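The values are calculated or read from the model by the stated rules, or taken from the named source; none is laboratory data. Small disclaimer: the values here were computed from a predicted structure and weren't measured. Backbone-built Cβ (ideal geometry, glycine too); neighbour counts: all protein chains shown.
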Number of protein chains: 4
Amino acid sequence: MASNRIRVTVWNEFRHEKKNAFIRQIYPDGMHKAIQSALAKNDDLSVRTATLDEPEHGLTDDVLNQTDVLIWWGHVAHAEVQDAIVDKVQKRILEGMGLIVLHSGHFSKIFRRMLGTNCSLKWREAGEKERLWVVEPSHPIAQGLGEYFELPHEEMYGERFDVPTPDKVVFISWFEGGEVFRSGCCWERGFGRIFYFRPGHETHPTYFDPHVQQVIKNAVRWAAPAFYGTHPCPNAKPLEEIRSVDTAKTKAGVLQ
Amino acid sequence: MASNRIRVTVWNEFRHEKKNAFIRQIYPDGMHKAIQSALAKNDDLSVRTATLDEPEHGLTDDVLNQTDVLIWWGHVAHAEVQDAIVDKVQKRILEGMGLIVLHSGHFSKIFRRMLGTNCSLKWREAGEKERLWVVEPSHPIAQGLGEYFELPHEEMYGERFDVPTPDKVVFISWFEGGEVFRSGCCWERGFGRIFYFRPGHETHPTYFDPHVQQVIKNAVRWAAPAFYGTHPCPNAKPLEEIRSVDTAKTKAGVLQ
Amino acid sequence: MASNRIRVTVWNEFRHEKKNAFIRQIYPDGMHKAIQSALAKNDDLSVRTATLDEPEHGLTDDVLNQTDVLIWWGHVAHAEVQDAIVDKVQKRILEGMGLIVLHSGHFSKIFRRMLGTNCSLKWREAGEKERLWVVEPSHPIAQGLGEYFELPHEEMYGERFDVPTPDKVVFISWFEGGEVFRSGCCWERGFGRIFYFRPGHETHPTYFDPHVQQVIKNAVRWAAPAFYGTHPCPNAKPLEEIRSVDTAKTKAGVLQ
Amino acid sequence: MASNRIRVTVWNEFRHEKKNAFIRQIYPDGMHKAIQSALAKNDDLSVRTATLDEPEHGLTDDVLNQTDVLIWWGHVAHAEVQDAIVDKVQKRILEGMGLIVLHSGHFSKIFRRMLGTNCSLKWREAGEKERLWVVEPSHPIAQGLGEYFELPHEEMYGERFDVPTPDKVVFISWFEGGEVFRSGCCWERGFGRIFYFRPGHETHPTYFDPHVQQVIKNAVRWAAPAFYGTHPCPNAKPLEEIRSVDTAKTKAGVLQ
């Protein structure tokens, strides 16, 4: 039944794929389409895409209000994302929508907005081997992966990753060149869940990797909200009788 | 020795005290001056003040660069704080400066910026009794306070307080009217420490209370950085030989 | 289908109900039976009970191996629980079984074993009013409860509650006599989830309260494992060639 | 002034050094003496040692009561440590004493007692290279270390490390053979701080390494308590008038 499906929107900057022939060979329709195809095989997921150059970046009120989990890939055009859209996405996350940030999305406006930090890290594009170790085998995002999985060629991201201490670190990466990285990190903000997943450099076919697809699928299910709510700031009536009258204030006739 | 002192800047919106005679009677020179006086009694602290209506809100580059801990009180004029100043304060916190947010500062731009959430809560101005329970007796911010302390008349703040789960909740408040609140909350962002302390409504002489002064003094010492650092994003040379050459990519002559 | 049900075992010390006529009037068959009846109304739960005076306290290997979530109530006879049984329960929790500890179970051997702390607190039996505030409205354990719920008469538990900082505090209690308490606390240990829920003094009909029953039902579903696993300590073969031979050690002919 | 010094006790199982000539060549007086010598160079530290085969394992009431930070190394004789001593050490930690657990101490009774988990991990004795990355540069335990440090030959420990999610992970290790490990982990239990530090296999001169010595020194200062306290469970008088009399209970004449 469609109404029970988790509604996923895969957002992609979609610039590398248009401008670079090598990257286009890997992702002819863009990374968002590769991720959409992988997710759409699951009956419990209903998946659409949105990209930077669509009106409102494809994230209209309508789309956002019908999105349970938003996946975000960006890199060279973070600055082009309008602040007004970031405001809306933030509000929707605080109300319950899940957010999955991929790879170079660590520097996106929305990720930094949600976390409050710089989100910087070390990097190297050497196409080296990455091995992702499962640190939390019982976590929903780790299901079906075994003790570790490998990507033959990836960009390196190394610590110090400047983020608030995650609630859970699900994966830690080992890189051939000698670095480590907290590659799968969970946070909660407001009523929304946030997952950062490291792999996915545009020059490697990472989003076709079955382990990577498994992680993203698991993360979508983990981040999907069972609860939506708002954040009012109400003037509350007392539930108990208040007997500590502030006579000084009363005498002065102070009105609030 | 002056150079070893913790350099504190007490920032106050300073509007209520100017406009309201009853409040001015309590804080003739503004809440910032009351807090400064209390802190300045400690030889290890060097305390200045800054207010909204000064140029750059009193937070010039010079002042920020010489501030180890920034204390923040705001209420009716949050929106008047310039975003460019908030950017600078955020950067300085991520580099190590401590931030102590007081009472209605929960809705300040800088607090919401650092935490990423709405920071909403319930409230009631009935001048009721508040009792703050020490939940973490061994925490530096709890030293010298005993099991609890009371404020005879305060504004009520009630849960749900929409903030990221604190690293530590040092105080939980009991209110006469029936609510509870996480009144002393610790977080870390970047290299900086953040403390939120609930009490301090402008119509009560809260900042003259010796327990409240003790908490702020403790919090200043806790938030003072031993370490300052920046958040670069360097391209890192490999520390180990990389043998997993991505031949597809090499053949295509891809340049990063 | 029975095999998909969450298998719950409600463990009760079952002493007060036998010895005290007033308590027996409230819980003629014991608190475990009241809790079992409430939970058994849910089709997804399969609920049995076990008590201290049964052989192996009713927690045979068979029972434990068929328990997904164990609920624990104890008070006057914590010391009579055999360490060998506690060992088995701990092992099962680390492998994935959920544990829900109720009220005076805070001093049970199993709770202290899992948390490593003393688990002490303040208390008072005055039959006062307790109001439990929902601090995490989006948490699975808070579903269906609204902003708060009240118990007209309960024993008071007050802070400092000596437990490791919970991953999440779902409820904070306000007590009429002036105290507060973290009344709903979540932790993870090994692959198992642990929830502490404060209410349930034997002289009050607390486990007949619909809100309390809702919390326990929610907690069972939250604590039920999707994953079971063991904790081996394997000697691991290298995944990469090791070239840093320790010649000093090799020469000495050291055997591991 | 001696009375202001942090009083450190370095506890060592001290068996390998006696039985194995190769190990004795590295640590002629035992690992505890090497650690003591390194720490004793610091004027703010007063350092003694204790070993398994001394009466009460060298941990008499007197010694424990005069220890602010206890360092623990054990491996082949964990089972020989008496439970009664473990009880006393646990009590002292909960009252404020710091605990630093080294390397194979992960399977010690005291570490498992404090954490409640199995503390298992992967291991390999291949004398491979270990690189420890500083994940929290602003943490007191990371001071003076730079971005990473290396040990030319160490035993490998690999994830999954079965411990409760640490409050802070200060170091993550990269191993030549392809694994990663959370090598510097912080927790708090009761009023005490606990630090686990991975390196220190008995067949390598690890405790002579200046970076390792720096970490242990930093950890001692971090774990030293500013506060000692006990964990009573008092019957508390109400602070507010209780008006919700439980008439049913009163009528029945129930006494608590």
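Below is a table of values for the structure above.
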item: Hey, B:His201 farther than 20 Å from B:Leu99 by Cβ, part of a loop (DSSP other than H, G, I, E, B), touching a helix residue (DSSP H, G or I) at 6+ places or on another chain (Cβ under 9 Å) and touching a residue at least 24 places away in the same chain (Cβ under 8 Å) or not; result: yes
item: Single residue of the stretch D:1-36 satisfying the filter (away from every other protein chain (no Cβ under 14 Å) and surrounded by fewer than 15 Cβ atoms within 10 Å (Cβ to Cβ)) that is nearest to D:Val81 (Cα to Cα); result: D:Lys18
item: Filter result for B:Phe171 (of a type outside the set (Val, Ile, Thr) and more than 14 Å from chain A (Cβ to nearest Cβ)); result: yes
item: Helices (runs of 4 or more DSSP H) enclosed by the stretch D:59-130 - at least 2 residues per element that are at the interface with chain C (Cβ under 9 Å from one of its Cβ atoms) and within 18 Å of D:Thr9 (Cα to Cα); result: D:83-95
item: Selected residue (criterion: nearest to D:Gly200 (Cα to Cα)) from residues of the stretch D:38-58 that are out of contact with any Lys or Arg (no Cβ under 8 Å at 6 or more places or on another chain) and in a helix (DSSP H, G or I); result: D:Ala40
item: Condition broken by B:Pro137, with the remaining ones in (1) assigned to a helix (DSSP H, G or I); (2) more than 14 Å from chain A (Cβ to nearest Cβ) satisfied; result: (1)
item: Options B:Phe181, B:Phe161, B:Phe171: the member that is at pLDDT 95 or above and part of a loop (DSSP other than H, G, I, E, B); result: B:Phe161
item: Residue count, the stretch B:143-184 (criterion: in contact (Cβ under 8 Å) with a residue 40 or more places away in the chain, more than 18 Å from B:Trp222 (Cα to Cα) and of a type in the set (S, T, N, Q)); result: 1
item: Test: residue in the stretch C:71-88 that is in contact (Cβ under 8 Å) with a residue 40 or more places away in the chain, of a type in the set (Val, Ile, Thr), in contact with a His (Cβ under 9 Å, 6 or more places away or on another chain) and more than 30 Å from D:Phe161 (Cβ to Cβ); result: yes
item: Test: residue in the stretch B:26-46 that is among the hydroxyl-bearing types (Ser, Thr, Tyr) and in contact with a strand residue (DSSP E or B) (Cβ under 7 Å, 6 or more places away or on another chain); result: yes
item: Members of the stretch A:185-198 that are within 11 Å of chain B (Cβ to nearest Cβ) and touching a residue at least 40 places away in the same chain (Cβ under 8 Å); result: A:Trp187, A:Arg189, A:Gly190, A:Phe191, A:Gly192, A:Ile194
item: Selection from the stretch C:180-194 of residues that are surrounded by 22 or more Cβ atoms within 10 Å (Cβ to Cβ) and in contact with a Phe, Trp or Tyr (Cβ under 7 Å, 6 or more places away or on another chain); result: C:Val180, C:Phe181, C:Arg182, C:Ser183, C:Gly184, C:Cys185, C:Phe191, C:Arg193, C:Ile194
item: All positions within the stretch C:149-181 that are hydroxyl-bearing (Ser, Thr, Tyr) and either more than 17 Å from C:Phe111 (Cβ to Cβ) or in contact with a Pro (Cβ under 8 Å, 6 or more places away or on another chain) (or both); result: C:Ser173
item: Neighbours by Cβ (under 6 Å, 6+ apart or cross-chain): first from the stretch A:17-37, assigned to a helix (DSSP H, G or I) and modelled with pLDDT of 95 or more; second hydrophobic (A, V, I, L, M, F, W, C) and buried (at least 21 other Cβ atoms within 10 Å of the Cβ); result: A:Glu17/A:Ile23; A:Met31/A:Trp73; A:His32/A:Val10; A:Ile35/A:Val10; A:Gln36/A:Val10; A:Gln36/A:Val47
item: The stretch D:107-151, residues that are under 19 Å from D:Thr165 (Cβ atoms) and under 14 Å from the mean Cα position of the chain (by Cα); result: D:Phe111, D:Arg112, D:Arg113, D:Met114, D:Leu115, D:Cys119, D:Ile141
